[in-house]
1. Which of the numbered conditions does ALA327 fail, given that it passes all the others? Conditions: (1) surrounded by fewer than 22 Cβ atoms within 10 Å (Cβ to Cβ); (2) out of contact with any Ser or Thr (no Cβ under 9 Å at 6 or more places or on another chain).
2. One residue is enough: does region 187-209 have a residue meeting the conditions over 23 Å from LEU35 (Cβ atoms), open to solvent by less than 30 Å² (accessible area, probe 1.4 Å) and assigned to a strand (DSSP E or B)?
3. Would you mind finding the one in ALA428, ALA381 that is over 20 Å from VAL230 (Cβ atoms), open to solvent by 60 Å² or more (accessible area, probe 1.4 Å) and in a helix (DSSP H, G or I)?
4. Before we move on, is GLY99 touching an Asp or Glu at 6+ places or on another chain (Cβ under 6 Å), surrounded by fewer than 21 Cβ atoms within 10 Å (Cβ to Cβ) and of a type outside the set (Lys, Arg)?
5. LEU119: modelled with pLDDT of 90 or more, at negative phi and over 18 Å from the mean Cα position of the chain (by Cα), yes or no?
6. Here is a check on your reading of the model: is ALA182 open to solvent by less than 10 Å² (accessible area, probe 1.4 Å), over 22 Å from ALA38 (Cα atoms), at pLDDT below 90 and more than 22 Å from the chain's Cα centre (by Cα)?
7. Go over the candidates ALA74, ALA70 one by one and state the one that is open to solvent by less than 60 Å² (accessible area, probe 1.4 Å), modelled with pLDDT under 90 and under 30 Å from THR409 (Cα atoms).
Amino acid sequence: MPLSLQLLAEAPAQLLPARELMAFTLAAHIILVPLGVAFPLITLVMHYRGLRRNDATALLLARRWSAVMAVQFALGIVTGTVLSFEFGLLWPGLMGRWGDVFGVGFGVEGWAFFLESVLIAIYLYGWRRLKPRTHFLLGLPLPFAALLGAFGILAANSWMNTPQGFSLDSAGNPVDVNVWKAIFTPMFGPEYWHFVVGMILTAGFVVAGVYATGWLRGRRDRYHRLGFTVPFTIAAVAAPVQFVLGDSIARSVFHKQPVKFAAMEIVWKTDTRVPEYLFGRLQEDGSVKGGLKIPLLDSFLAGFSPNTEVVGLTSVPADQRPTATQATIAHWAFDLMVLIGSALVLLALWYGLVWLRHRRPPASRWFYGAAACAGAGSVVAVESGWIATEVGRQPWIVYENMRVAEAVTSTRSTSLWIMFGVVAAVYAFLFGSFLVVLLKMRTRWRLADEQQAAVAGAPTPEDDIPYGPRASVPAGDVPAAGPAPGPGAGRSGGEGS
């Protein structure tokens with residue numbers, strides 16, 4: 001029997017459904033994370049531009065983005081809360097033994113969620129109700145609250161990858177906990193900054209992709225140009241930075257988690273002059289099928305020399321390393337992340353070169369087609385990064401201290417599969433509702449803009465600054481397309497609410 005099947009047969013029956021449920025909810029939640037972490041920053045950049053230049057278009061975009069931000073955050077709270085419960089329900093062994101060591105990260109993340117929800121409510125309420133400068137200043141803490149939440153969750157995850165800050169008693173339980181060491185582990189810095197810049201990059205490309213799609217459909221007014229340029233510029237600046245940080249975290253994994261690195265690069269035996277495989281498949285006997293083999297490259301990337309020794313999977317017993325299947329999954333996820341990241345860097349360079357030469361974005365349909373795909377591509381890269389991180393750590397839930405099988409719940413596997421089905425159905429409804437709400441908001445804003453622009457003498461959406469008294473529509477100026485917009489319609493056009 002192949003080793004992978006043998007280990008699967010020996011695992012508790014609850015392990016597979018618990019893993020699948022956790023993987024599903026985490027994959028769903030992480031779709032929202034870039035907008036939750038970085039969208040407030042992008043919105044405030046647009047808001048600042050509007051105030052600094054007295055730019056009504058920028059203020060209108062910021063206003064509308066703040067509404068999207070609030071809806072997204074509400075859904076993120078639901079999916080994030082489900083994940084929090086799952087840590088206790090699915091992995092009681094982890095929380096029961098190690099909660100006192102790394103649980104502070106979840107506490108920080110919980111307080112950050114609470115703070116961010118209050119700040120979003122104040123920011124959303126403040127349009128037209130607060131003075132412009134006061135309103136903007138009250139929004140400034142939003143990105144920091146989002147970064148605080150990322151700090152908490154990344155502190156917990158980095159501890160699971162490189163646990164420290166405790167001693168073990170004779171029964172194997174952690175004692176003498178040092179909270180600061182448990183938070184600031186060797187992998188925390190590389191993971192945190194790689195994550196934060198990745199979220200900024202992803203959110204920028206996702207938002208810009210919406211307006212790139214509008215450009216391809218012929219909407220080339222200033223509203224769409226500005227809606228594309230600001231987030232895309234932020235993402236374009238972040239892309240090369242993320243590429244460097246990605247190389248840095250891979251090197252940290254090489255030094256701190258050599259077996260995980262071996263899984264991500266499907267290295268079977270410890271050796272020098274190790275080749276790099278692009279999308280190869282590791283077999284049970286250590287051979288690699290398929291993919292593109294590049295001689296010496298893996299050793300060179302790991303230590304800038306072809307003579308760098310790379311630790312292989314066989315350096316540890318079979319029950320202490322990922323299986324061939326798990327290593328292949330981690331390897332493909334890692335390669336996909338690097339491939340997409342490289343493509344995004346090239347897209348950012350294209351944008352930057354055209355901007356430097358002509359002081360405007362590229363005009364090519366190929367560019368905007370690529371930009372429209374960049375948002376989805378960056379989300380796939382984020383998902384791939386988490387897959388590589390979590391699958392590459394197997395079979396450990398706490399690296400070299402506790403196996404996943406030791407932490408799993410004793411609940412019957414049938415109950416877990418039923419729970420998985422219920423959660424999948426609920427999430428399908430939630431994300432479907434989220435999409436419907438966004439589409440309705442878009443349609444309402446577009447109709448309000450068209451209606452307001454059709455009224456003779458009324459300010460266009462690009463002229464109506466969302467501060468101070470609302471713009472009034474002259475009496476009797478009724479567009480032929482429909483009735484005159486009342487106060488509610490005018491508010492939708494000027495405020496985007």
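1. Looking at each condition in turn, ALA327 falls short on (1).
2. No.
3. Values: ALA381 fails: open to solvent by 60 Å² or more (accessible area, probe 1.4 Å).
Answer to the check: ALA428.
4. On the way: touching an Asp or Glu at 6+ places or on another chain (Cβ under 6 Å): no; surrounded by fewer than 21 Cβ atoms within 10 Å (Cβ to Cβ): yes; of a type outside the set (Lys, Arg): yes.
No: the conditions fail for GLY99.
5. Details: modelled with pLDDT of 90 or more: yes; at negative phi: yes; over 18 Å from the mean Cα position of the chain (by Cα): yes.
For LEU119, the condition - modelled with pLDDT of 90 or more, at negative phi and over 18 Å from the mean Cα position of the chain (by Cα) - is met.
6. On the way: open to solvent by less than 10 Å² (accessible area, probe 1.4 Å): yes; over 22 Å from ALA38 (Cα atoms): yes; at pLDDT below 90: yes; more than 22 Å from the chain's Cα centre (by Cα): yes.
Spelling it out, ALA182 is indeed open to solvent by less than 10 Å² (accessible area, probe 1.4 Å), over 22 Å from ALA38 (Cα atoms), at pLDDT below 90 and more than 22 Å from the chain's Cα centre (by Cα).
7. Values: ALA70 fails: under 30 Å from THR409 (Cα atoms).
When all the criteria are applied, what remains is ALA74.
One line per residue, one yes/no per condition, for (1) at pLDDT 90 or above; (2) open to solvent by 10 Å² or more (accessible area, probe 1.4 Å):
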{"position": "TYR125", "(1), (2)": "no, yes"}
{"position": "ARG129", "(1), (2)": "no, yes"}
{"position": "PHE136", "(1), (2)": "yes, yes"}
{"position": "LEU140", "(1), (2)": "yes, yes"}
{"position": "ALA146", "(1), (2)": "no, no"}
{"position": "ALA150", "(1), (2)": "no, no"}
{"position": "ILE153", "(1), (2)": "no, yes"}
{"position": "ALA156", "(1), (2)": "no, no"}
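The values are calculated or read from the model by the stated rules, or taken from the named source; none is laboratory data. These numbers were taken from a predicted model, which means no experiment stands behind them. Reconstructed Cβ throughout: ideal geometry from the backbone, glycine too, with neighbour counts over all protein chains shown. Protein only, heavy atoms only, side chains kept; ligands, DNA and RNA dropped before computing areas. Shrake-Rupley method; radii C 1.70, N 1.55, O 1.52, S 1.80 Å.
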